[in-house]
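Scroll down for the structure; my scribbles are underneath it.
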Amino acid sequence: MSGAELAALLDRHGFDFFTGVPCSLVEDLIAALETHPRFPWLPAVREDVAVGLAAGAWLGGRRPVVVMQNSGLGTSLNALASLSLMYGLPALLLVTWRGYQGKDAPEHILMGEISPGLLDLLGIPYRVLSPDSIDEHLAWATRELDAREIPVALLVPPGVVVAPEATRHSAAARAAATTAASPAPAPAIAAAALPAELRPVISRRQALGAALKELGDAPVIHANGFICRESFGIGDRPQNFYMIGSMGLAAPIGLGVALARPAHRAVVFDGDGNLLMSLGTLAMVGGLAPRNLVHVVFDNEVYGSTGGQRSPSRETRLDRLALGAGYRTVSAATTPDEVARALRSAADGPHFVLVKVTTEESPAPRIPHPPRAIRDRFRSILSG
């Protein structure tokens with residue numbers, strides 16, 4: 001089957017959000033998706049980031065597909081276990097099966113042997129595609145996704161998706177088409193406009209309070225750890241998506257929400273450790289340029305939840321990294337008034353706000369809501 005034919009089948013079965021990391025076994029599918037008129041391919045920097053992006057898209061009402069090589073299945077284990085499966089966030093995983101039947105380069109052999117076992121261990125239902133069963137397996141996958149509300153996988157061996165010689169896409173043609181379709185906006189400020197030095201004077205809880213007051217009823221994805229616990233202590237609300245696990249995926253989830261719901265503002269409350277763990281997401285935000293995304297990073301230069309170990313943000317200005325990655329507006333804040341002012345002016349994004357805070361922490365309860373309850377009330381807010 002050609003990539004264009006598979007893309008048409010995915011469309012027919014209701015899939016409308018496509019992201020992942022490329023593999024040569026499905027290069028013709030990705031080539032077809034790159035020029036899809038309604039749901040173009042969204043390249044991810046890592047497979048677990050793609051899982052986060054798909055989670056946000058599903059919360060926003062889309063039916064996502066994540067494409068990955070089976071090596072990426074290993075990369076995604078924690079994201080699948082502590083995000084997709086724990087909260088119940090469906091996505092179709094198209095997993096290419098390198099090392100199939102022990103025939104491949106040495107680096108693929110072991111992963112080829114254990115890929116089905118990894119899916120079994122996770123409890124993710126899967127089937128193996130063959131050229132004459134694709135439509136049947138897609139129908140099965142949609143039924144499983146709707147009934148179980150968890151990820152479902154289709155393992156794709158070599159030779160299932162083949163590019164017809166007459167219609168083979170060249171890399172140059174694909175790059176030209178996607179570049180012309182999605183020009184990135186020019187940054188609204190220069191690096192010289194950012195403060196040379198930032199001295200924290202308020203706690204993270206004070207900064208969170210100022211941000212929440214300014215944001216009103218906007219939906220906010222909270223990074224795991226004390227950010228969501230302190231925010232819950234300030235005031236629980238259904239607009240808060242609290243991350244209990246999956247460190248590093250707050251920004252990908254927020255990006256997925258922003259892309260799925262472009263008419264509504266999507267806000268991410270991130271931490272320095274969380275952001276650094278998935279730093280490539282900055283480039284994705286800068287390249288995809290969702291105008292409705294507001295990315296707020298509360299930076300105390302330590303890993304607070306694990307005992308206050310030093311974070312690399314002590315030597316690295318995260319706002320300058322965001323500016324270099326292509327965020328249209330970037331600002332920095334150290335006081336409640338500066339936090340409120342930065343959020344008040346956060347229009348025509350993507351917008352990045354670095355909030356330098358002290359290491360002070362206040363007593364904060366763990367989130368009492370079950371993961372699926374957090375999911376359901378947040379999704380209901382997004383659906384209106």
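Where a number appears in this text, it was derived from the coordinates with a stated rule and is not lab data. Treat the numbers as computed from the prediction; the structure is a model and nothing was measured. Cβ sites come from the backbone with ideal geometry, for glycine too, and all protein chains shown count toward neighbours.
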When the Debye formula is applied to the Cα atoms of region 236-321, each taken as the same point scatterer, what base-10 log of I(q)/I(0) results at q = 0.12, 0.25 Å⁻¹?
-> -0.37, -1.33
For region 3-178, the dipole about the Cα centre with charges only on Cβ (Lys and Arg +1, Asp and Glu -1), to the nearest 20 debye, works out at 300 debye
Only Lys, Arg (+1) and Asp, Glu (-1) charged, at Cβ; the chain dipole about Cα centre in debye = 920 debye
For region 292-384, give the magnitude of the charge dipole about the Cα centre (Cβ charges: +1 Lys/Arg, -1 Asp/Glu; no others), in debye to the nearest 20.
-> 360 debye
Fewest first, what order do T329, T96 take by the number of other Cβ atoms within 10 Å?
-> T329, T96
Counting helices only, and only those DSSP H runs with n ≥ 4, report the 222 nm mean residue ellipticity of the chain as the sum of -39,500 (n - 2.57) divided by its residues, in deg cm²/dmol to the nearest 500.
-> -12000 deg cm²/dmol
Shape call, region 11-66: gyration tensor on alpha carbons, a/c limit 1.5 = oblate
Over the Cα atoms of region 191-382, what is the Rg over Rh ratio if Rh follows Kirkwood?
-> 0.92
Per 10 Å bin, what percent of the C-alpha pairs of the chain does each bin hold, from zero upward?
-> 5, 24, 32, 23, 12, 3, 0
The whole-number value in µm²/s of the Stokes-Einstein translational diffusion coefficient for region 3-178, with Rh from the Kirkwood sum over alpha carbon pairs at 4 °C and 1.567 mPa s, is 80 µm²/s
Residue farthest toward the positive end of the dipole of region 3-178, with Cβ of Lys/Arg at +1 and Asp/Glu at -1: which of G61, G88, I30?
-> G61
